[in-house]
Amino acid sequence: MLSVNSTPQDSLSQPLRKISGGNGAKRPINLGAAAGCAFDGAKVVLQPISDVAHLVHAPLACEGNSWDNRGAASSGSRLWRTSFTTDLTELEILMGHSERKLFEAICEIKKDHAPAAIFVYATCVPAMIGDDIVAVCRSATEEFAIPVVPVNAPGFLGAKKLGNRLAGQALFDHVIGTVEPEDCGPHDINILGEFNISGEFWLVKPLLDTLGIRVRACIPGDARYLQVASAHRARATMVVCSSALINLAQKMEERWDIPFFEGSFYGISGTSNALRRIAGLLVENGADAELLDRAEALISVEENRAWKRLEIYRAGLKGKRVLLNTGGVKSWSLVHALLEIGMEIVATSVKKSTDDDRGRIKQVLKEECHLHDSIAPSRLYSTLTGGKADIMLSGGRTQFIALEAKVPWLDINQERRHAYAGYEGMLQLVRQTYLAIHNPIWTELREPAPWEQHRDANIREHGEREPDQIPLQFGH
């Protein structure tokens, strides 16, 4: 087990075990990171816990580069969107005052904001000068009587994916299991790796509420500290983004015997399967078997209603070709959702996907050539200008490739403005895809510009000439 006292070598060398379906054979998976730094990855995972003050122990730039870079939504406190940093200077580093400054910062946050807890992020500079943030956090916890949690993920440890894992480790070591809830029940679940981007979790929670299933902790999207601290009393766990928090699910299964599965709320069948598996795991762990019947009844009603509402978009999307440039859970779950509505997948990127994610895509697409570890911008552009795709779904960084190629584009990464999870989310995804493809602006863009039309008319009338040899024409 990793601890916050582990060396960087320990963190990088320890294999992450992967358990298929929660009870399958154990095998190592690749921890190779795609991009970013470990600190950034840890901050991405933990910052959406909304009633916590997130204090970055570093020079100012670290906090500035990582603050609020995802579109997670919260229904509670706005404290998580407040930026806290010790803003270390050269003088404090040279004089050995950085630990004292950290302690004073914790004191100030406690006094001014009264958070449920304070998460303290170690970054490269304090890690290299040997600051003992674990000891400082321990002293602050005793002094101020609130949880002060060290997150030992300095950027030089590795890339973003490793930081995701270290964030889960910090929750496992210092938060989960520290509060005993008084209202435990047989229908309590955890959802891990759900970030509530644009409020996606809020489209799914009503379905669970209808079934009487309580989400004890959704980590990290729209989470509260006490929910996370009592997550060890859930009866089952669903892992949405396996590359981020699968290690946490594994450790919770080992320590508290909470079974888990990897699933998705994207697409109609994906949402239905997730509801079935949640109900199944709860029944296996003590819930009344009648829950399975209620789940099937709800699925039947919701699927019928969703398909009726999707019918108006089917004809306009059937056979349209999609180029997916994303990663992680979306690389396979969106593929399945788009195929459901009758669209074709030209290619999908699996750069940030786990081995299981890749396996799921292969099962759906059946052809290896559709998978790409990374699609270069030049290849994206040639694919789009070559007429091989009718729309590209990707993040904002590649939108201008599609726009330059005059091909419709839809944002499906963390910066997106629309929620695509659940049955309602599927309707929104299909609607936005339809609107993007059939927007009349694309026809206008693909037409020659007015001056190009005039030039072509002159060439037809006068043949190829130098511009100064073509007679001027007025009144057109």
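The values are calculated or read from the model by the stated rules, or taken from the named source; none is laboratory data. Everything numeric here is computed off the predicted structure, so don't read it as measured data. With ideal geometry, Cβ positions are generated from the backbone for all residues, glycine too; neighbour counts draw on all protein chains shown. All accessible areas refer to the heavy atoms of the entire protein, side chains included, with ligands and DNA or RNA removed. Shrake-Rupley method; radii C 1.70, N 1.55, O 1.52, S 1.80 Å.
Across the range 123-222, the convex hull enclosing all Cα atoms gives 131 Å³ per residue.
Give the carbon-plus-sulfur fraction of the accessible surface of the range 318-416 in %, rounded to a whole number; probe 1.4 Å, heavy atoms of protein chains only.
On the way: 2060 of 4250 Å².
The nonpolar share, carbon plus sulfur, comes to 49 percent.
I want the local charge near LEU384. Using Cβ-Cβ distances under 10 Å, sum +1 for each Lys or Arg and -1 for each Asp or Glu among the other residues. Can you show the working numbers first?
Values: positive: ARG379, LYS388, LYS406; negative: ASP390, GLU404.
Charge balance in the 10 Å sphere: +1.
When the accessible area of the range 188-308 is split by element with a 1.4 Å probe, what percent falls to carbon and sulfur? Its accessible area is 50 percent carbon and sulfur atoms.
Put simply, the amide H of VAL148, placed in the peptide plane, has neighbours under 5 Å in ILE118, THR141, leaving out anything fewer than 5 places away on its chain.
A straight line joining the Cα centroids of the range 434-464 and the range 184-215 runs 50 Å.
Taking the 1.4 Å solvent-accessible surface of the range 38-175 as the whole, the part contributed by carbon and sulfur is 54%. 222 nm [θ] for the chain, helices only, -39500 (n - 2.57) per DSSP H run of 4+, per residue, to 500? Theoretical 222 nm ellipticity from helices: -14500 deg cm²/dmol.
What stretch of the chain, leaving out the sites themselves, is the longest with no GluC sites (Glu not before Pro) in a DSSP loop having at most 13 other Cβ atoms within 10 Å? Write out the running numbers ahead of the final one.
On the way: sites that count: GLU182, GLU367, GLU464.
No qualifying site falls inside 183-366, the longest such stretch.
Classification of the range 38-175 by its C-alpha gyration tensor yields a rounded form. The axis ratio a/c (a ≥ b ≥ c) stays under 1.5.
Calculated translational diffusion coefficient of the range 318-416 (20 °C, 1.002 mPa s; Stokes-Einstein with Kirkwood radius over alpha-carbon pairs) equals 162 µm²/s. Based on protein heavy atoms only, the chain ends up with 45 Å² per residue of surface accessible to a 1.4 Å probe.
Give me the dipole magnitude in Debye, nearest 20, for the range 303-343 about the Cα centre, with unit charges on the beta carbon: positive for Lys and Arg, negative for Asp and Glu. Can you show the working numbers first?
Values: 8 positive and 3 negative charges, 29 e Å.
The dipole of the range 303-343 has a size of about 140 debye.
Counting charges near ALA153 (Lys, Arg +1; Asp, Glu -1) among other residues having Cβ under 11 Å from its Cβ returns a value of +2.
Less than 5 angstrom separates the built amide H of ALA347 from those of LEU324, all sequence-distant by 5 or more or on a different chain.
Coupling constants for the range 182-199 follow from the phi torsions by the Karplus curve (6.51 cos²θ - 1.76 cosθ + 1.60, θ = phi - 60°), and in residue order they are 9, 10, 4, x, x, 10, 8, 10, 10, 10, 10, x, 9, 9, 6, 5, 6, x Hz; glycine and proline get x.
Any number yet on Rg/Rh for the range 196-328, C-alpha, Kirkwood? Working shown, then result.
Numbers: Rg = 16.5 Å, Rh = 16.5 Å.
Rg/Rh for the range 196-328 comes to 1.00.
Across the chain, Cα-Cα distances exceeding 28 Å account for 57% of all pairs.
Would you mind counting up the charge near GLY163? Only other residues with Cβ under 10 Å from its Cβ, with Lys and Arg at +1 and Asp and Glu at -1.
Details: positive: LYS43, LYS160, LYS161, ARG165; negative: ASP40.
After counting each charged neighbour, the total is +3.
Looking at the chain, send over the antiparallel percent of its DSSP beta bridges, to the nearest 5. Present the calculation step by step, with values, prior to reporting the outcome.
On the way: 6 of 45 bridges.
The answer is about 15 percent antiparallel.
Once the mean 1/r over all distinct Cα pairs of the range 273-363 is inverted, what Kirkwood radius in angstroms do you read off?
On the way: mean 1/r = 0.0653 Å⁻¹.
Taking every pair of different Cα atoms in the range 273-363, averaging 1/r and inverting gives 15.3 Å.
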